[in-house]
Amino acid sequence: MILGLDVGNTNIVLGIFDEKKLMVCWRISTNRNQTSDEYGMVIKNLFADTKIPVSDIEAVIISSVVPPLMPEFDRMSRKYFGVKPLIVGPGVKTGMPIKYENPREVGADRIVNAIAGYELYGGPLIIVDFGTAITFCAISGQGEYLGGAIAPGIGISTEALFSKAAKLPRVELVKPQSAIGKNTVVSMQSGIVFGFVGLVEEMIKRFKKELGDSALVIGTGGHADMIAKETNAINKVDHSLTLHGLRIVYERNK
């Protein structure tokens, strides 16, 4: 079995694969101050809720956009699973040409998303990942990573609004009943939810002008469901996209 970890700025997504089947997945908070032992114990406790023994893990593959945590996860993998982890980065076979000016600048999460998206859905393809940042990735019909766009994420934008405007409260991120708010909370919810729907629709429209109208649009990440329910621009939501990308990269490198 394979353990895949995608280390993001806000959350860490973990999943266990038996061959191509995703057996179980979890999402935990990213804490840059935690040690390898602390992460190891958290993950061991997650295993305790399944019937999968830790000893069944034969390999660990990790993608990360948080460089300071990589030494901790490397140590965690060796100590708690007895294996040297495969780190997605330069030198790892992806099977996907990267058409960025500097391919090393592309986040590992964006690469594994693109690999999984093309493998599972074909191309041309647009992947919208609702994480700490909202990333838009374009994949050609020939399976090339063409580039993308990066916008502030919903969570950090909302937090910035609350922290920088003294009279605005912290609000629940839910769809309001109407676009025209009758109070401050609903007005903020409208601006956040419907505002980001507009951002996503406009970016997808501009991407399709360059990729072609036939491009499939896949949403993933924490707020994908909320935005996808409000627009027809997103064709499908796939929350396990990154984990499947890790599995595919492992298969191409083992």
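Explain nothing, just the number: relative contact order of the range 117-195, from Cα pairs under 8 Å at least 6 residues apart, as a whole percent. Mind dumping the intermediate values first?
On the way: 111 pairs, mean separation 14.4, N = 79.
That works out to 18 percent.
What is the angle, in °, between the Cα long axis of helix 36-48 and the longest principal axis of the Cα atoms in the chain? Nearest 10 is fine, range 0 to 90.
Taking the Cα atoms of the chain, the angle to 36-48 is about 90 degrees.
Fewest Cβ neighbours within 10 Å first, please rank T242, T231, T220 accordingly.
T231, T220, T242
Treat each spin label as a single point 7 Å out from the Cα along the C-beta direction, and report the V24 to K44 distance in nm.
The two pseudo-label positions are separated by 1.6 nm.
How far apart, in nm, are the 7 Å Cα→Cβ label points at V83 and V54?
Each label point is offset 7 Å from its Cα along the Cβ direction, giving 1.5 nm.
Reported to two decimal places, what Rg/Rh ratio describes the chain when computed on Cα atoms with Rh from the Kirkwood expression?
My calculation puts Rg/Rh at 0.99.
Checking the table K182/K229; K79/K99; K99/K205; K21/K44; K21/K208 against a 28 Å threshold on Cα-Cα, which pairs fail?
In this structure, K79/K99; K21/K208 lie more than 28 Å apart at Cα.
Quote the relative contact order of the chain in percent (integer), defining contacts as alpha-carbon pairs under 8 Å separated by 6+ residues.
That works out to 19 percent.
Give me C25, C137 ranked fewest to most by other Cβ atoms within 10 Å of their Cβ, as a rough exposure proxy.
Least to most surrounded, the residues fall as C25, C137.
Using r as the Cβ-Cβ distance of R252 and K175, and R0 as 35 Å, what FRET efficiency do you calculate, to the nearest 0.05?
The formula returns an efficiency of 0.30 here.
Expressed in nm to one decimal, what extension gain is obtained for the pair V92 and I150 from 0.36 nm per residue of sequence separation less their Cα-Cα distance?
Working: separation 58, 0.36 × 58 = 20.88 nm, distance 2.40 nm.
Separation in residues times 0.36 nm, less the Cα-Cα distance, equals 18.5 nm.
Note the angle between two axes, namely the Cα long axis of helix 154-164 and the longest principal axis of the Cα atoms of the chain, as a number of degrees from 0 to 90, rounded to the nearest 10.
Tilt of helix 154-164: around 60 degrees.
Set the Förster distance to 35 Å, then compute FRET efficiency between V185 and T35 from the Cβ-Cβ distance, nearest 0.05. Let's see the in-between values first.
Details: r = 39 Å, r/R0 = 1.12.
The formula returns an efficiency of 0.35 here.
In percent, how large is the relative contact order of the range 2-87, given Cα pairs closer than 8 Å and 6 or more residues apart?
31
Counting other beta carbons within 10 Å of each Cβ, put S187, S29 in order, fewest first.
S29, S187
Output the 0 to 90 degree angle, nearest 10, between the alpha-carbon long axis of helix 184-211 and the longest principal axis computed from the alpha carbons of the chain.
70
All of the numbers you see were taken from the coordinates with simple rules; none came from a lab. Bear in mind the structure is a predicted one, so any value in this text is a computation, not a measurement. So basically every Cβ, Gly included, is an ideal-geometry build from the backbone, and we count neighbours across all protein chains shown.
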